[in-house]
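All remarks here apply to the structure that follows.
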Amino acid sequence: MKTQRETLIIRHWDKKTELLKPLVLMQQPEGWIHTLRTTLNMSLRQLGERLNITPQSVRDIEQREKEGTVTINTLKAAAGAMDMQFVYGLVPKDESLEKMVERRAYEMASKIVHRASTTMRLENQENSPERIEEAIRELAYDIKREMPKKLWD
């Protein structure tokens, strides 16, 4: 990666997000607010009073959450009104940010090397599959170390 500092930042972030990974596997309810409100046996009116809004507005919030259009601020307010803390995070689909960068670098290197390999084959200068794979690994290492912006194109 570009610098030792950036490598450390990515590894530090990976350690932090490691704690969130079990939440990815957790069955998500259709709506946290509705599920928790009913689990606590709290009525729409009671939550509305805590939020200083009408029961119908609470129902609207629950519906917007179900549809995915609720705001983060609204979720924070609802959580606070139920004596809970709102938690928000992003977790890499890959094992870690570092693995995500490695995968993208390998994909990018593979495209570049195969493009060059095709040209060389047309000129009767084809490399062996082993040499092509070695070239991909070497280029991927360089791309990962430099981590250019075009990695995400």
> If you scan region 63-83, which residues turn out to be closer than 17 Å to residue 28 by Cβ and touching a Phe, Trp or Tyr at 6+ places or on another chain (Cβ under 9 Å)?
Replying inline: 65, 72, 75, 78, 79
>> Would you confirm whether or not region 81-94 contains a residue that is surrounded by fewer than 15 Cβ atoms within 10 Å (Cβ to Cβ), among the acidic types (Asp, Glu) and under 30 Å from residue 104 (Cβ atoms)?
In response: yes
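Every read-out reported here was derived from the displayed coordinates using simple, explicitly stated rules and does not represent laboratory data. As the structure is a prediction and not an experimental result, all values here were calculated from the model. Glycine gets a Cβ as well: all are built from the backbone with ideal geometry, and neighbour counts include every protein chain shown.
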